[in-house]
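Working notes for the structure below.
The values are calculated or read from the model by the stated rules, or taken from the named source; none is laboratory data. Just so we're clear, the structure is a prediction, and the values are computed from it rather than from any experiment. Note that each Cβ is placed from the backbone with ideal geometry, even for glycine, and that neighbours are counted across all protein chains shown.
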Ligand SMILES: [Zn+2]
């Protein structure tokens, strides 16, 4: 993936921070080409295949994590607030999306 793609993800507000209140649980996602990926910038974890390959081969990080870092630096993160009662449905939908190959 090129820097161009990262720029596109950020300009389309594809880096999302989902905050659940009142517990303050949160989930980061990045909208990819075909689906949305779940990632954790603090753990440097991403649910995509690139992450798996990079991690196994080059010990690198995928472009979703790079995009998240860049969006944080630029203040271009899309922040969305939910209530805790929506958490289970949200995670369920996200996992379905990730597991759908
Ligand atoms: Zn990724």
Matching entry among 27, 98 (being part of a strand (DSSP E or B), touching a residue at least 24 places away in the same chain (Cβ under 8 Å) and within 16 Å of the ligand (Cβ to nearest atom)): 27
Among residues of segment 30-43, those that are within 16 Å of residue 17 (Cβ to Cβ) and more than 10 Å from the ligand (Cβ to nearest atom), counted: 6
Selection from segment 65-83 of residues that are within 15 Å of residue 12 (Cα to Cα), out of contact with any helix residue (DSSP H, G or I) (no Cβ under 8 Å at 6 or more places or on another chain) and within 16 Å of the ligand (Cβ to nearest atom): 68, 72
Residue 59 vs. criteria at pLDDT below 90, out of contact with any helix residue (DSSP H, G or I) (no Cβ under 8 Å at 6 or more places or on another chain) and within 12 Å of the ligand (Cβ to nearest atom): no
Pairs with Cβ under 6 Å, 6+ apart, first in segment 33-52 and within 15 Å of residue 71 (Cβ to Cβ) and in contact (Cβ under 8 Å) with a residue 60 or more places away in the chain, second in a helix (DSSP H, G or I) and more than 9 Å from the ligand (Cβ to nearest atom): 36/97
Any hit, segment 58-70, residues being closer than 20 Å to residue 96 by Cα, assigned to a strand (DSSP E or B) and touching a strand residue (DSSP E or B) at 6+ places or on another chain (Cβ under 6 Å): no
Lone unmet requirement of (1) under 23 Å from residue 5 (Cα atoms); (2) under 15 Å from the mean Cα position of the chain (by Cα); (3) modelled with pLDDT of 95 or more for residue 90: (1)
